[in-house]
Amino acid sequence: MRTASVERKTLETDIKLYLNLDGEGVSEINTGIGFLDHMLTLMSFHSEMDLNLICKGDLIVDEHHTVEDIGIALGEAFKNAIGDKKGIKRYSNICIPMDEALCQVVLDISNRSYLVFNIDFEREKLGTLDTQNFKEFFRAFVNEARVTLHINLLYGDNDHHKIEAVFKAFGRALKEGSSVVSKRIVSSKGVL
């Protein structure tokens, strides 16, 4: 079973995270940020990865440290759970609509960290969460998971719909890219 647990404690956050790549999309999430809990729940559901996450962060300062450190912990757990990557599909290209918004997420579980994040928000906040922190979450995830991730919002008007499409597509891309489809490593180099 491809699972990982991460405990990350800094002066800014205290995180306990459990991830099961081969789960059923069941989650228990408490980050102290309601909107982030909602997005991570959607990601877990659509990836069919079980996610248990508790984070106590310095939200009295702001949400940046919490969001970034959760991205770090999730990326570390993903990298650890996927292991040597033998047999995984590796690539994924997913488009997900959410009402008027359409998002494309393209993923390569490549051992190379790179993020392209093409989303413009109209609002500064969704719930209490600064919209600029979404990019920080994905950047932190990519750096720790060592994946290439392109997130392109093709169009949309409502910021809630935009980011909801992103997290659903991200979850589906993780599911597809990490799915075991063969007995070999999908790389002409022989390693990922």
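Each value in this text was obtained by applying a stated rule to the coordinates, not by laboratory testing. What you see is a predicted model, and the numbers here were worked out from it, not measured in a lab. Positions of Cβ are backbone-derived with ideal geometry, glycine not excepted, and every protein chain shown enters the neighbour counts.
Brief remarks follow.
- Going through (i) -0.30, -0.93, -1.06, -1.32; (ii) -0.26, -0.81, -0.93, -1.17; (iii) -0.23, -0.73, -0.84, -1.09, the figure that equals log10 I(q)/I(0) by the Debye sum over Cα atoms at q = 0.08, 0.14, 0.15, 0.17 Å⁻¹ as computed for the structure here is (iii).
- Placing unit charges on the Cβ atoms only, positive for Lys and Arg and negative for Asp and Glu, gives the chain a dipole magnitude near 1320 debye about its Cα centre.
- The chain: most fluctuating residue of ASN118, ASN80, ASN143 per GNM, C-alpha cutoff 10 Å: ASN118
- A simple rule links phi to the HN-Hα coupling: the Karplus curve 6.51 cos²θ - 1.76 cosθ + 1.60 with θ = phi - 60°, which for the stretch 82-99 gives 6, x, 7, 6, 4, x, 6, 5, 6, 9, 8, 9, 10, 10, 10, x, 9, 6 Hz, with x for Gly and Pro.
- GNM top mover of ARG139, ARG123, ARG172 - the chain, alpha-carbon springs below 10 Å: ARG123
- Karplus-derived 3J(HN,Hα), 6.51/-1.76/1.60, for each residue of the stretch 55-67, Hz, glycine and proline x: 9, 10, x, 7, 5, 5, 7, 5, 8, 4, 4, 4, 5
- Under 5 Å between amide hydrogens, built in the peptide plane, is the criterion, and for MET98 it picks out CYS103 among residues at least 5 positions away or on other chains.
- The length gained by stretching the chain between ASP99 and ASP130 to full extension, at 0.36 nm per residue less their Cα-Cα distance, is 8.9 nm.
- Hz values of 3J(HN,Hα) by residue in the stretch 120-132 - Karplus curve (6.51, -1.76, 1.60), Gly and Pro given as x: 10, 9, 8, 9, 7, 9, 10, x, 9, 8, 4, 5, 5
- Protection proxy ranking of 27-33, 110-116, 132-138 - average other beta-carbon atoms within 10 Å, highest first: 132-138, 27-33, 110-116
- Close amide H pairs (under 5 Å, H built 1.01 Å from N) link SER110 with THR148, residues at least 5 positions away or on another chain.
- Length gained when the stretch LYS56-ASN152 is fully extended (0.36 nm per residue, less Cα-Cα span): 31.5 nm
- Residues whose amide H falls under 5 Å from that of ILE185, counting only those 5 or more places apart or on a different chain, are GLY87, with hydrogens built in the peptide plane.
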